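Please treat every number below as a calculation from the coordinates, not as lab data. Since the structure is predicted, the reported quantities are computational estimates derived from the model, not experimental observations. Virtual Cβ from ideal backbone geometry, glycine too; neighbours counted across all protein chains shown.
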C-alpha cells in the first residue's frame, strides 16, 4: 500500500498534487492548518494539523503511518516570506516532522525546495554543477534543510528527493504575484505597473509544477531535481501576452516600477534530470497556461 502524507495540501501547489497522486493509486492523507483543508479532490483524507505543534504531529503520524511524505508546507506570505524568522521555525518543524515519519517506518521523502538556492550569475541552473548561493533567509533556510536531510538520508538509508521549483503561475495564485496582479489590474481597467520586463525567467503553470513534483516522488530518482520548463521568457513578453488576451495593452506601463538593483537578467532551469531520468514533460505551453489563468480570473470576476 502506497500511503502518502501531503503537507500544505490546500496551498497553491499542494491542491494540484492531489488528483495525480490519487490517479497513481496512492492512499492520500492531506494536512492543512485551515478547517481540515479543501475538499476539491474526492477520496482525499484531510487532517487539520498545526505542524509547529509536536504533539499534533506525533498523533498524526501514529494515525496515518505513511510510507511516503510529500512536504510542501512552508511560510510563503508575499512580500514577507523571504526575510521572515518564520523560515527558521519551519526548518525545525520540518526536521521533527521527518523524524516522526521515519520513526513510524516511512520510506521516501519528497520536499519542495527553491531555485533561489542557486547562484544565478550564470543564468542556467544545473543540479550537479551550479554553485549554491542563497541570498535571503527563505533560500538559506531551504538550502540548510536540504543539506541536513541529505546527510541524514545517507546515514539512515531513507530515500530523499528535493524539487527545486522555479517560477510559477496559474489559477488561484496569490493576487500580489506577477501574473495574478497584472490580470487583476487589467480586469479592473487599471494600469498594470511593471518594470521594463527585460529580465528572463523560467515559468511553469502550477498544474505542471504539481505534476512534475508528483512524477519525481513516484520515481526512484533521488537528490535535487529542477522543476521548470527549461525555457527563459522575458517578463515583458508574458505581460504583453496578458494585455493582448484581455484587449488592454494600452494599460501596460513598462518601466513604471524600478528594476530591483542587482536583478539577474536570466534565470532558467536545466531540466535534463526531469526530462531524462523522470521522463516528464509539461502539459501546458506558456501561451495555453496563461490563457487558462486569464479565463480563471475572468470567471472569478463574473461571479462577483
- Query: Which FRET efficiency value, to the nearest 0.05, is calculated for residue 174 and residue 301 with the Förster distance at 22 angstrom and r the Cβ-Cβ distance?
  - Reply: 0.85
- Message: Please report the spacing between the Cα centers of the range 69-138 and the range 252-276 in Å, no decimals.
- Response: 20 Å
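Return 297, 46 ranked ascending by Cβ neighbour count within 10 Å, so the fewest neighbours appear first. All intermediate terms of the calculation are to be shown ahead of the outcome.
On the way: 297 22, 46 18.
Ordered by Cβ neighbours within 10 Å, fewest first: 46, 297.
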- Give me 167, 158, 70 ranked fewest to most by other Cβ atoms within 10 Å of their Cβ, as a rough exposure proxy. 158, 167, 70
- At what distance in nm do the modelled label points of residue 55 and residue 157 sit from each other, each positioned 7 Å from its Cα along Cα→Cβ? 3.6 nm
- Message: Could you work out [θ]222 nm for the chain from helices alone, using -39500 (n - 2.57) per DSSP H run of at least four and dividing by all its residues? Round to the nearest 500 deg cm²/dmol.
- Response: -11500 deg cm²/dmol
- Message: Given points 7 Å out from each Cα along the Cα-Cβ axis, report the residue 184 to residue 254 separation in nanometres with one decimal.
- Response: 2.5 nm
- Cα-projected label distance for residue 3 with residue 275, points at 7 Å along beta-carbon direction, nm: 4.0 nm
- Return the single residue from 211, 87, 188 with maximal mean-square fluctuation; model: Gaussian network over the chain, springs between Cα atoms under 10 Å. 188
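So for 142, 63, fewest C-beta neighbours within 10 Å to most, what's the order? Mind dumping the intermediate values first?
On the way: 142 25, 63 12.
Final ranking by Cβ density, sparse to dense: 63, 142.
Roughly what % antiparallel, to the nearest 5, for the DSSP beta bridges in the chain?
Numbers: 3 of 40 bridges.
The antiparallel proportion sits near 10 percent.
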- Message: Please check: in the Gaussian network model of the chain (C-alpha springs, under 10 Å), which one of 156, 110, 61 has the largest mean-square fluctuation.
- Response: 156
- Task: Among 207, 231, 136, determine the one that fluctuates most according to a GNM of the chain built with springs between C-alpha atoms less than 10 Å apart.
- Result: 136
